[in-house]
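Data first, discussion second: the structure below is written as structure tokens.
The values are calculated or read from the model by the stated rules, or taken from the named source; none is laboratory data. In this text the structure is predicted, and so the values were computed from the model without any measurement. So basically every Cβ, Gly included, is an ideal-geometry build from the backbone, and we count neighbours across all protein chains shown. When the accessible area is computed, the model is the full protein with side chains, heavy atoms only, and any ligands, DNA or RNA have been set aside. Shrake-Rupley method; radii C 1.70, N 1.55, O 1.52, S 1.80 Å.
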Amino acid sequence: VSQFAPVLFEELPTASGHRLGVARLNAEKSLNALTLEMIDLLLKNRKGVLIEAGLPEGIPVAHKYGWVTDPADGLMHQASDAALVFTPGGNFALTIYLHQAEQLQWDPAQRLVARLTTAIYNYYNQWR
């Protein structure tokens, strides 16, 4: 893997024997377009769903989520959440996009995102 690659990939082991895939931007100032004012606004976005639902109470998360309802059939087919998560064991950025051609069911989709977030949070905080 080249040190000059735009994205770096690695696999990290979990306590349960599974592995997490991590993709990182390979740039010193990869968040240079995101201001502290923007982060402060996103920190106020507290709804308790998606990424936020997978975190312990009180963990700061600056995120923006959304979903799309198709006007042709009136069904939700896509949902997403992008976040900066600030934890005692290390901060991380997480973006999750979900798509289902037939219909994306909110409850299972929300649980999936929460479980993925919990796994990543636990990895960063396993020694705490």
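Could you say which residue among N125, N45 is closer than 20 Å to E11 by Cα and polar (S, T, N, Q)?
Details: N45 fails: closer than 20 Å to E11 by Cα.
After applying the criteria, what remains is N125.
Restricting A79, A83, A53 to those that are within 13 Å of V113 (Cα to Cα), at pLDDT 90 or above, surrounded by 13 or more Cβ atoms within 10 Å (Cβ to Cβ) and touching a His at 6+ places or on another chain (Cβ under 6 Å) reduces the list to A83. Under the condition of being within 18 Å of the chain's Cα centre (by Cα) and among the basic types (K, R), the residues counted in the range 69-128 number 2. In the set (1) open to solvent by less than 40 Å² (accessible area, probe 1.4 Å); (2) within 19 Å of H18 (Cβ to Cβ); (3) among the polar types (S, T, N, Q), the condition left unmet by Q110 is number (2).
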